[in-house]
Every structure is written in C-alpha cells, then in structure tokens.
Amino acid sequence: MKRTTKILIGCIVVAAIFFGFLHVDFSSLYSAMESLLSRGMANGDKTDAVPVYNGDYRLIFEENFDEDTLNPAIWNDQYLASWTPDMDAARAVYEVADGNLNLIINEDTQPWNPEFDGTVRTSSVMTGNRTGLHEFKAGLEVRNDIEPLMGFITQYGVFEIRAKMMNSFGNMCAWWLVGIQDTPEQDVEVDVFENALNFGNVITASLYAHRDPVVREQHFIYDVGDADLSNEFHLYTFEWTPEGFIVYFDDEEIGTFQAEVAYPMISILSAYEGRENWWVGPFDPAAPYPKVFQIDYMKVWKKVPDDHEQVDELKIVSQDEAVFSLNAGQYAVEHGQLVGFPSYVTLRYNDGTGTQQWVKRQELTPAILEQLEKPGTFKLEGEIIGVPEAAIGNRKATVQVKLSTEGLPETTKHQPDCSSVGR
C-alpha cells in the first residue's frame, strides 16, 4: 500500500501562529509530544492545540533538528551505556547544523565496548534508555546504572526519517527500534534499515525476537536501483500495526514483517564503523574522515480510527489503566522500581488516537513495601511525563496492584530490602 501524500492543514497552523497560539517556552525540558500539544494554551484536559493531519493520520512527534543541540528530554546520546566499561566511549559525536542531525565517526573515535563488540565505533542517539536495555550478547554484565529516560516511546503508528548514508567501506548506518523492556520479554528489535556500502546498493531490514516469545526472526533485502543512498537524501518509512510492519522507501512499499508487538519501543539512530573482522565486510583505511550519517527529520503519525473523525481542537478524554498482579511477597526491586511494573500510560484523545507516555512512579516507601507483603488490592500513582502541565491538569497514571497467595508457600515470602528503595 502506497502511503498517502502528506496533506497539512497549513492555513490553520499559520493562523495559530498569527494569533499567538505558539507562545511557548521551548527552553523547558519537554518531550516531542509536549512540543506538539503546546501549540496553544491549555486548561486541564483541553489542549487548544491545532492537530496536524496527513490523510488519516495525526502527527504526534516531529523532530526537524532546527536547534543547535539535541533536546536532552527526548534524546539520550550514550549508546546502550549499561554495558560499556567506558561511558565516554559510548557518547555520540554529533552536530546539529543546517537543519540536519550529523552523526559523526572520527579517526580518533574509540570502540564503545571492546570486550563484547570488538573494534566497533559508534555515534548513536536514542529516544530512551534505561539500565539493562537491549542485552545484545550473552554474558553481558551491567557496568553502569542508567537513570531512566524515555523521551519518546510509542506503540503503533507511521514512522519516517529523511536521511543520507555514509559512503565508505566498513561503515554502516542504522535506524532501529527496541522494546522498552518493562519485562525481559518486551525485547523485540526492528531494524528498519542497516545500510552499508559493503552490501551494495540495497536496503537491508531485519526483525529479531530476542526474548519475545511470540515473534519470529525475519529479514529482507531490497535493491534500490538507480537511487544513490550515500550522496542523496531519501525517505525511509514504516507503518507499525497490531499485525506487523510495512516498510517503505521513497513512499514505495519494499517489504513486510509479520509480528504482534504489543508494547512500546524507542528509536535509535546509529552510525557505525568496524575496523577489524566486522560482520559488514572489509574496512577501507584510506577513506577520509569525518564520516557522517545525516538525518534531516524524524516524524511519527498515529492513525485516526475508522469510527472517529479528525478534530480542530485536541483533547485528552481518557487513559488506559494498568493492572499489576503478583503473589504477595513475591516481588523484586531493581534501581528503585518494581521489576515488571508498567512504566507508561496510554492517553486517549478525542480523535480516537492514543499516545504512550513515560511515567515517573512514586517512590517505593517502606509503607508500600509492607502492602506488597499481604494479599489485597491497592493503587500506585505516577507523574505522566511529556505532556504540558496545563493539558494534563491533575491527571495521574495509576496502576492497580493485585496481590494474592495462590500457590505461595509461607516460607518463600520476600522480606522487603528497604536499602534498595529510591536508589
């Protein structure tokens, strides 16, 4: 299916700008959702925002790389930093210039994880990070605790970037997504592309299940013909539905993956270089530096359900509440959080779309740990991140915690370790 041509409600946006609806303090650390919702003043669940639609889809995330640096509330620039012995080697070298994000490999760029990834260098930025994210090889040990940041997460939608690849052998450019891993099973990896000059004039895409038990590994290769991936910008797009993924190149469908992935993911943009024995193929030591992977923009759209219509004013109408069930006393606390506890909430809007928002959960106090020791039901609240305070009002993310004793021997009950709370 060829994607619908972009139709923006330009006159409405221009009018909003003219009448001052865009007077927002963008120096605050907000997520991309906030920047979209904060196109106007708001009061409680009423955003007074001007939704931008593309056919049957509403724009929920837009990064045009117009600022001098990346917004640290959205982007993390330390690549999979749980696993590296050197946090500095995992930090991306990049610049934001002329409306592009330039991910840079220099001659003095150091391997980010020599023990488990050999000579591979990288400059990567991620829309989220947390301790233990993406355990890419057996035998890894957490070297660094990462303060959780999920600047932009989502489940389902149409994702698009406009990008230009590196043009030297032994380098690779990748746009990929991984599950947020509230549980180990939320571990799928979708490689929208892994493009290297070594592979020829093709796009390679992959789906890896890792620990997700319902997903199977899949791959495809697409010959782009006369297109020049290294010297021209091209559009890379995929649509994620409950049934799987459809991948597009310059608005033409090029491949599909069948997979039921029912949890949010983060996006990762990566420039790589492997100088010795790397899987992409031989490295060219004569290729000049710097080597640059350029991204012009990244956008994400959500489909308006068939039983809803586009709206002129966006409002939050409800939210999905989660239930966390376990046997009394049988819980684990890591990095100040309950293991497996849902870290996000889905907000529902008056056009029928839903967005996933990261939640800052309340501290696990000794009183809460005591409640976890006995059967019953109670609620835990959290602060919804990435939506303007004026739009979110007093709304909180709540999780109903249900504790039972079914099949639980008395001797196996956990005694709370209060020393781990709030770390």
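The values are calculated or read from the model by the stated rules, or taken from the named source; none is laboratory data. Since the structure is predicted, the reported quantities are computational estimates derived from the model, not experimental observations. For neighbour counting, all protein chains shown are included, and Cβ atoms are generated from backbone atoms with ideal geometry for every residue, glycine included.
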Inset, instruction - Take region 207-247 and flag every residue that is hydroxyl-bearing (Ser, Thr, Tyr), more than 18 Å from ALA262 (Cα to Cα) and touching a strand residue (DSSP E or B) at 6+ places or on another chain (Cβ under 6 Å). - result: TYR222, TYR236, THR237
Inset, instruction - Name every residue in region 67-102 that is within 25 Å of THR355 (Cβ to Cβ), charged (D, E, K, R) and at pLDDT 95 or above, in order of residue number. - result: ASP77
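Considering only region 192-206, state which residues are charged (D, E, K, R) and either surrounded by 23 or more Cβ atoms within 10 Å (Cβ to Cβ) or assigned to a loop (DSSP other than H, G, I, E, B) (or both). Give the steps one after another, and end with the answer.
We begin by selecting, within region 192-206, every residue charged (D, E, K, R); these are 194.
Residues satisfying the conditions do not exist here.
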Legend entry - Output for region 255-270, where each listed residue is hydrophobic (A, V, I, L, M, F, W, C) and either more than 14 Å from GLY157 (Cβ to Cβ) or surrounded by fewer than 20 Cβ atoms within 10 Å (Cβ to Cβ) (or both): PHE257, ALA259, ALA262, ILE268, LEU269
Legend entry - Condition check for LEU235: among the hydrophobic types (A, V, I, L, M, F, W, C) and either closer than 30 Å to ALA138 by Cβ or assigned to a loop (DSSP other than H, G, I, E, B) (or both): no
Inset, instruction - Determine which member of the set GLU273, GLU243, GLU252 is of a type in the set (D, E, K, R) and crowded, with 22+ Cβ neighbours inside 10 Å. - result: GLU273
Legend entry - Selection status of ARG395, within 22 Å of the chain's Cα centre (by Cα), assigned by TED's automatic domain parsing to the domain that holds GLY340 and basic (Lys, Arg): no
Legend entry - Output for region 297-332, where each listed residue is out of contact with any helix residue (DSSP H, G or I) (no Cβ under 7 Å at 6 or more places or on another chain), in a strand (DSSP E or B), over 30 Å from GLY99 (Cβ atoms) and aliphatic (A, V, I, L, M): VAL317, ALA322, VAL323, LEU326
Legend entry - Subset of region 106-128 that is hydrophobic (A, V, I, L, M, F, W, C) and over 16 Å from ILE268 (Cα atoms) - its residue that is modelled with the highest pLDDT: VAL120
Inset, instruction - Could you list all residues from region 147-191 that are assigned to a loop (DSSP other than H, G, I, E, B), within 14 Å of the chain's Cα centre (by Cα) and not polar (S, T, N, Q)? - result: PRO148, GLY151, PHE152, ILE153, TYR156, ILE180, ASP182, ASP187, VAL188
Inset, instruction - Would you mind stating whether LEU229 is surrounded by 19 or more Cβ atoms within 10 Å (Cβ to Cβ) and more than 16 Å from the chain's Cα centre (by Cα)? - result: yes
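Are any residues in region 347-370 among the polar types (S, T, N, Q), surrounded by fewer than 19 Cβ atoms within 10 Å (Cβ to Cβ) and more than 19 Å from LEU149 (Cβ to Cβ), and if so, which ones? Reasoning before the result, please.
Of the residues in region 347-370, the ones among the polar types (S, T, N, Q) are 350, 353, 355-357, 362, 365.
From what's left, surrounded by fewer than 19 Cβ atoms within 10 Å (Cβ to Cβ): 350, 362, 365.
Residues satisfying the conditions are ASN350, THR365.
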Inset, instruction - Might you check whether a residue that is assigned to a helix (DSSP H, G or I), touching an Asp or Glu at 6+ places or on another chain (Cβ under 7 Å) and at pLDDT below 95 occurs anywhere in region 27-50? - result: yes
Legend entry - Looking only at region 265-296, and only at residues there that are part of a loop (DSSP other than H, G, I, E, B) and among the aromatic types (Phe, Trp, Tyr), the one that is nearest to PRO111 (Cα to Cα): TRP278
Legend entry - Which numbered condition LYS302 fails, given (1) farther than 24 Å from MET150 by Cβ; (2) surrounded by 16 or more Cβ atoms within 10 Å (Cβ to Cβ): (1)
Inset, instruction - Could you list, in sequence order, all residues of region 366-406 that are more than 17 Å from ASP320 (Cβ to Cβ) and either part of a strand (DSSP E or B) or among the β-branched types (Val, Ile, Thr) (or both)? - result: ILE368, GLY376, THR377, PHE378, LEU403, SER404, THR405
Inset, instruction - Pull up region 84-106, narrow it to residues that are under 15 Å from CYS173 (Cβ atoms) and of a type in the set (S, T, N, Q), then point me to the one that is surrounded by the most Cβ atoms within 10 Å (Cβ to Cβ). - result: ASN100
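So that you can scan it fast, the table gives a plain yes or no per residue for (1) in contact with a helix residue (DSSP H, G or I) (Cβ under 9 Å, 6 or more places away or on another chain); (2) at pLDDT 95 or above; (3) surrounded by fewer than 14 Cβ atoms within 10 Å (Cβ to Cβ):
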position	(1), (2), (3)
GLU381	no, no, yes
VAL387	yes, no, no
ALA391	yes, no, no
THR405	no, no, no
LEU408	no, no, no
THR412	no, no, yes
ASP417	yes, no, yes
ARG423	no, no, yes
